[in-house]
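To start, the structure under review is shown below, and the notes come after it.
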């Protein structure tokens, strides 16, 4: 099972190895997709791998040190509007969008974290993100 | 050298006997059979391109109202059209923003054009210049494309032969006609159909001319039949352009698409296809040009000048691979960096254009024309515009300090030199921070002890070759009143303040 979450670390725990401790204490695997660390706050996009029980344990553990929000956003593309120009491709921080061999712009929707960078870049307003 | 004529090819087209291939197909044919046999066998090569063509628009004749009006100020769905023509003639340009600043570029001239092609109702509002024969003051009606006499698309610059690719050296994202360019060269954007591009497939690099395309060439334009009027504006091979015309009423919204480049402007994506008659071996050989044969320069669009720094030269094959390795300078260090490439035009749609045109010819629906003359002279004359650079207003050597001085010493330097900004440099003269008189005041109030505690580390800087106008924009954007000037190695060579700029612009009034 895989789950993606937004995670904000409380300021008092910002210098603690929360991610490492979570891994050690629960056995979950964690991929850090994005990290933005500032003196007062840390914001991360995390990808958790493991059994359902393991992931639940990990989420509970993380909640002790900050705020967890599940990513349940869905990206959708209006194929009527899309012309496969490719303006969105380089804007995706996690490479969800690519051009295939026939020069179609392809979205791996299941991997999307809803950051909206591609939505802002599309000249045809063909991309929507449902929250 | 002459093997066949357009007249002969047209006879074959009428009989359904012409051999028609796309430019992509021609690459394989010439590869396998050689140019001479290909020239014998193939009659027509179709090309295609589909991309943003800002220099596009439509002349519309609305027909006369009763009582008649001489329209002067004209709006279509609140987008202004040019009215300095005869009474009910107007020209709606693709790049025109909406009159409503809240809508602005989200619905501009291009969007009006697409709506007309889609058969949608569009609101026409016009104010008249009243005369004896045209007494009406105002008109406000809803129209569709069917309601107007003519809607003639005339595009002053379309079908660029090659586009420069774009990247961005700045520490911030920039918004351009090439899309959004990420900071510190983190992406490269390119445009153009490369090996499918009409002008590329017809180009003679020795003479910088075109083999068959010229005034009067019949073309696929936006899903309808159109014609080359002549060279487009800024025509300068190998950056050739075309001026084209067509009938909006024949067009297909699939190939006429309005778009908004984020924070840049409205534009119209246009599909253009041109058939190339394979009259001889030389023409056949050129029709087999490949993406890897077409050189594309990559420029730094983070540089706010007409002549931008050349970062690399590459080709369409590399660009289409999705990534490229650049050798760039970041903060005075030479770095090799592999970044993503992205297209801003659609090769998929360009293929569809070439394929559609091929089918039209095979079906006998499209005959080729002889050009009546070649395209006109190439010109590349920059506008005579005055420019003031940062180096033009630097006078005194910069006052800088090291971070190991005390706050008291810094305060004395500011007082002694009557300045408000003190760049902090390392032992090599490289910028590491800046402090202002306000920072000193804050330090006293907050009982801070060292320069490193109070200095701003992320410093907005300027370059000697940067236009002063751009520095002023940066100051306003970041709400700062002084900008250190650094060289390519981030050594401080001067400082520009808001007082300097006020003095400069004050003198210009």
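The values are calculated or read from the model by the stated rules, or taken from the named source; none is laboratory data. Note that the structure is predicted; figures quoted are calculated from it, not measured. Cβ atoms come from the backbone with ideal geometry, glycine included; neighbour counts cover every protein chain shown.
Give the range A:75-93 a look and list any residue that's within 7 Å of chain B (Cβ to nearest Cβ) and in a loop (DSSP other than H, G, I, E, B), or say none.
A:83, A:84, A:85, A:86, A:87
Please note which strands (runs of 3 or more DSSP E) are completely contained in the range B:184-237 and include at least 1 residues that are under 17 Å from residue B:361 (Cβ atoms) and in the same structural domain as residue B:170 (by the TED database). Spell out the reasoning first.
Working: elements: B:187-190, B:218-221, B:224-231.
The strands (runs of 3 or more DSSP E) meeting that bar are B:218-221, B:224-231.
Could you list, in sequence order, the residues of the range B:458-485 that are outside any helix (DSSP H, G or I) and under 24 Å from the mean Cα position of the chain (by Cα)? Can you show your working first?
The initial filter retains those residues of the range B:458-485 that are outside any helix (DSSP H, G or I), namely B:458-467, B:479-485.
Answer for the range B:458-485, where residues must be outside any helix (DSSP H, G or I) and under 24 Å from the mean Cα position of the chain (by Cα): B:465, B:466, B:467.
Take the residues in the range B:165-181 that are in contact with a strand residue (DSSP E or B) (Cβ under 8 Å, 6 or more places away or on another chain) and assigned to a loop (DSSP other than H, G, I, E, B), then tell me which one is farthest from residue B:247 (Cα to Cα).
Filtering the range B:165-181 down to residues in contact with a strand residue (DSSP E or B) (Cβ under 8 Å, 6 or more places away or on another chain) leaves B:165-169, B:173-181.
This time we only want the ones that are assigned to a loop (DSSP other than H, G, I, E, B), so: B:168-169, B:173, B:177-178.
On the way: B:168: 39, B:169: 43, B:173: 39, B:177: 27, B:178: 28 Å.
It comes out as B:169.
Yes or no: the range B:119-136 includes at least one residue that is more than 16 Å from residue B:71 (Cα to Cα), outside any strand (DSSP E or B), modelled with pLDDT of 95 or more and not assigned by the TED database to the domain that holds residue B:258. Walk me through it before giving the result.
At the first step, the residues of the range B:119-136 found to be more than 16 Å from residue B:71 (Cα to Cα) are B:119-122.
After this cut, where a residue has to be outside any strand (DSSP E or B) as well, the list is B:119-121.
Filter again for modelled with pLDDT of 95 or more, leaving B:119.
Cutting the leftovers down to not assigned by the TED database to the domain that holds residue B:258 gives us B:119.
Within the range B:119-136 (the criterion being more than 16 Å from residue B:71 (Cα to Cα), outside any strand (DSSP E or B), modelled with pLDDT of 95 or more and not assigned by the TED database to the domain that holds residue B:258), the answer is yes, since at least one residue qualifies.
Of A:103, A:98, which residue is within 12 Å of another protein chain (Cβ to nearest Cβ), without any contact (Cβ under 8 Å) to a residue 24 or more places away in the chain, part of a strand (DSSP E or B) and in contact with a strand residue (DSSP E or B) (Cβ under 9 Å, 6 or more places away or on another chain)? Steps first, answer last, please.
On the way: A:103 fails: part of a strand (DSSP E or B).
Only one candidate qualifies: A:98.
Residue under question is residue B:233, and the condition is that it be touching a helix residue (DSSP H, G or I) at 6+ places or on another chain (Cβ under 7 Å) and surrounded by fewer than 22 Cβ atoms within 10 Å (Cβ to Cβ); does it hold?
On the way: touching a helix residue (DSSP H, G or I) at 6+ places or on another chain (Cβ under 7 Å): no; surrounded by fewer than 22 Cβ atoms within 10 Å (Cβ to Cβ): yes.
No, not satisfied.
Would you pick out the residues in the range B:328-355 that are facing another protein chain (nearest Cβ under 9 Å) and either closer than 18 Å to residue B:226 by Cβ or in a loop (DSSP other than H, G, I, E, B) (or both)?
Looking only at the range B:328-355, we keep the residues that are facing another protein chain (nearest Cβ under 9 Å), and these are B:339-351.
Within the range B:328-355, B:344, B:345, B:346, B:349, B:350 qualify.
Let's see how each residue does on (1) closer than 30 Å to residue B:168 by Cβ; (2) touching a residue at least 40 places away in the same chain (Cβ under 8 Å); (3) within 14 Å of another protein chain (Cβ to nearest Cβ):
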{"residue": "B:310", "(1), (2), (3)": "yes, no, no"}
{"residue": "B:326", "(1), (2), (3)": "yes, yes, yes"}
{"residue": "B:357", "(1), (2), (3)": "no, yes, no"}
{"residue": "B:360", "(1), (2), (3)": "no, yes, no"}
{"residue": "B:381", "(1), (2), (3)": "yes, no, no"}
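Quick one: residue B:288 ticks every box in (1) crowded, with 16+ Cβ neighbours inside 10 Å; (2) at pLDDT 95 or above; (3) part of a loop (DSSP other than H, G, I, E, B); (4) within 14 Å of chain A (Cβ to nearest Cβ) except a single one, so which number is it?
Of everything listed in (1) crowded, with 16+ Cβ neighbours inside 10 Å; (2) at pLDDT 95 or above; (3) part of a loop (DSSP other than H, G, I, E, B); (4) within 14 Å of chain A (Cβ to nearest Cβ), residue B:288 misses just condition (4).
Looking at this structure, is residue B:202 crowded, with 24+ Cβ neighbours inside 10 Å, more than 14 Å from chain A (Cβ to nearest Cβ) and modelled with pLDDT of 95 or more? So that I can check it myself, show each step before the final result.
Values: crowded, with 24+ Cβ neighbours inside 10 Å: yes; more than 14 Å from chain A (Cβ to nearest Cβ): yes; modelled with pLDDT of 95 or more: yes.
Yes: the conditions hold for residue B:202.
Under 9 Å between Cβ atoms, at least 6 apart or on separate chains: pull out the pairs that start in the range A:12-33 with a residue that is on the phi > 0 side of the Ramachandran plot and end on any residue that is in a helix (DSSP H, G or I).
Here the result reads A:27/A:54; A:27/A:57; A:27/A:58, each pair linking the range A:12-33 to a residue that is in a helix (DSSP H, G or I).
Every residue in the range B:238-254 that is modelled with pLDDT of 95 or more, in a loop (DSSP other than H, G, I, E, B) and more than 19 Å from the chain's Cα centre (by Cα), please.
Within the range B:238-254, B:251, B:252, B:253 qualify.
Which one is nearest to the other protein chains (Cβ to nearest Cβ), of the residues in the range A:118-131 that are surrounded by fewer than 20 Cβ atoms within 10 Å (Cβ to Cβ) and either closer than 21 Å to residue A:34 by Cα or in contact with a helix residue (DSSP H, G or I) (Cβ under 6 Å, 6 or more places away or on another chain) (or both)?
The initial filter retains those residues of the range A:118-131 that are surrounded by fewer than 20 Cβ atoms within 10 Å (Cβ to Cβ), namely A:119-120, A:124-125, A:128-131.
Adding the requirement that they be either closer than 21 Å to residue A:34 by Cα or in contact with a helix residue (DSSP H, G or I) (Cβ under 6 Å, 6 or more places away or on another chain) (or both) leaves A:119-120, A:129-131.
Numbers: A:119: 10, A:120: 6, A:129: 16, A:130: 21, A:131: 21 Å.
So, considering only residues that are surrounded by fewer than 20 Cβ atoms within 10 Å (Cβ to Cβ) and either closer than 21 Å to residue A:34 by Cα or in contact with a helix residue (DSSP H, G or I) (Cβ under 6 Å, 6 or more places away or on another chain) (or both), the one nearest to the other protein chains (Cβ to nearest Cβ) is A:120.
Tally up the residues in the range B:36-57 that are under 25 Å from residue B:80 (Cβ atoms), assigned to a loop (DSSP other than H, G, I, E, B) and within 14 Å of another protein chain (Cβ to nearest Cβ), please.
2
Filter the range B:486-509 down to the residues that are part of a loop (DSSP other than H, G, I, E, B) and in contact with a strand residue (DSSP E or B) (Cβ under 8 Å, 6 or more places away or on another chain), then identify the one that is farthest from residue B:390 (Cα to Cα). So that I can check it myself, show each step before the final result.
Applying the first criterion (part of a loop (DSSP other than H, G, I, E, B)) to the range B:486-509 yields B:487-490, B:509.
Then keep just the ones that are in contact with a strand residue (DSSP E or B) (Cβ under 8 Å, 6 or more places away or on another chain); that gives B:487-490.
Working: B:487: 12, B:488: 14, B:489: 17, B:490: 15 Å.
Residue satisfying both the conditions and the ranking: B:489.
Which numbered condition trips up residue B:439, out of (1) outside any helix (DSSP H, G or I); (2) in contact with a helix residue (DSSP H, G or I) (Cβ under 8 Å, 6 or more places away or on another chain)?
Evaluating residue B:439 over (1) outside any helix (DSSP H, G or I); (2) in contact with a helix residue (DSSP H, G or I) (Cβ under 8 Å, 6 or more places away or on another chain) leaves (1) as the failure.
Scanning for something modelled with pLDDT of 95 or more and within 19 Å of residue B:271 (Cα to Cα), does the range B:94-106 turn up at least one residue?
Checked the range B:94-106: at least one residue is modelled with pLDDT of 95 or more and within 19 Å of residue B:271 (Cα to Cα).
Checking residue B:224 against (1) touching a residue at least 40 places away in the same chain (Cβ under 8 Å); (2) closer than 24 Å to residue B:253 by Cα, which single condition isn't satisfied?
Against the list (1) touching a residue at least 40 places away in the same chain (Cβ under 8 Å); (2) closer than 24 Å to residue B:253 by Cα, residue B:224 comes up short only on (1).
May I ask you to say which residue of B:27, B:74, B:60 is away from chain A (no Cβ under 14 Å), within 26 Å of the chain's Cα centre (by Cα) and not in a loop (DSSP other than H, G, I, E, B)?
So the residue among B:27, B:74, B:60 that is away from chain A (no Cβ under 14 Å), within 26 Å of the chain's Cα centre (by Cα) and not in a loop (DSSP other than H, G, I, E, B) is B:60.
Can you give me the number of residues within the range A:42-74 that are in contact with a helix residue (DSSP H, G or I) (Cβ under 6 Å, 6 or more places away or on another chain) and part of a loop (DSSP other than H, G, I, E, B)?
Total meeting the criteria: 1.
Do we find a residue being modelled with pLDDT under 95 and assigned to a helix (DSSP H, G or I) anywhere in the range B:381-389? Full working, then the answer.
Here is the first cut: in the range B:381-389, the ones modelled with pLDDT under 95 are B:381-389.
Pick out the ones that are also assigned to a helix (DSSP H, G or I) and you get none.
No, there is no match, as no residue in the range B:381-389 is modelled with pLDDT under 95 and assigned to a helix (DSSP H, G or I).
Evaluate the range B:149-159: report whether one residue or more is touching a strand residue (DSSP E or B) at 6+ places or on another chain (Cβ under 7 Å), part of a loop (DSSP other than H, G, I, E, B) and either surrounded by 24 or more Cβ atoms within 10 Å (Cβ to Cβ) or within 12 Å of chain A (Cβ to nearest Cβ) (or both).
Within the range B:149-159 (the criterion being touching a strand residue (DSSP E or B) at 6+ places or on another chain (Cβ under 7 Å), part of a loop (DSSP other than H, G, I, E, B) and either surrounded by 24 or more Cβ atoms within 10 Å (Cβ to Cβ) or within 12 Å of chain A (Cβ to nearest Cβ) (or both)), the answer is yes, since at least one residue qualifies.
So is residue B:263 part of a loop (DSSP other than H, G, I, E, B), within 14 Å of another protein chain (Cβ to nearest Cβ) and surrounded by fewer than 18 Cβ atoms within 10 Å (Cβ to Cβ) or not? Steps first, answer last, please.
Working: part of a loop (DSSP other than H, G, I, E, B): yes; within 14 Å of another protein chain (Cβ to nearest Cβ): yes; surrounded by fewer than 18 Cβ atoms within 10 Å (Cβ to Cβ): yes.
For residue B:263, the condition - part of a loop (DSSP other than H, G, I, E, B), within 14 Å of another protein chain (Cβ to nearest Cβ) and surrounded by fewer than 18 Cβ atoms within 10 Å (Cβ to Cβ) - is met.
Anything in the range B:291-308 that is surrounded by 14 or more Cβ atoms within 10 Å (Cβ to Cβ), away from chain A (no Cβ under 14 Å) and over 23 Å from residue B:203 (Cβ atoms)? List them, or say none.
If the condition is that a residue be surrounded by 14 or more Cβ atoms within 10 Å (Cβ to Cβ), away from chain A (no Cβ under 14 Å) and over 23 Å from residue B:203 (Cβ atoms), then B:300, B:302, B:303, B:304, B:308 are the ones that fit.
For the range B:209-221, does any single residue satisfy the condition of being crowded, with 16+ Cβ neighbours inside 10 Å and within 24 Å of residue B:314 (Cα to Cα)? It would help to see each step written out before you state the result.
Step one: list which residues in the range B:209-221 are crowded, with 16+ Cβ neighbours inside 10 Å, which gives B:209-215, B:217-221.
After this cut, where a residue has to be within 24 Å of residue B:314 (Cα to Cα) as well, the list is B:209-210.
Yes, the range B:209-221 contains a residue that is crowded, with 16+ Cβ neighbours inside 10 Å and within 24 Å of residue B:314 (Cα to Cα).
Determine whether residue B:317 is surrounded by fewer than 24 Cβ atoms within 10 Å (Cβ to Cβ) and within 14 Å of chain A (Cβ to nearest Cβ). Break it down into steps so the answer makes sense when it comes.
Working: surrounded by fewer than 24 Cβ atoms within 10 Å (Cβ to Cβ): yes; within 14 Å of chain A (Cβ to nearest Cβ): yes.
So residue B:317 fits the description; yes.
Among B:490, B:503, which is modelled with pLDDT under 85 and closer than 18 Å to residue B:402 by Cα?
Working: B:503 fails: closer than 18 Å to residue B:402 by Cα.
The conditions single out B:490.
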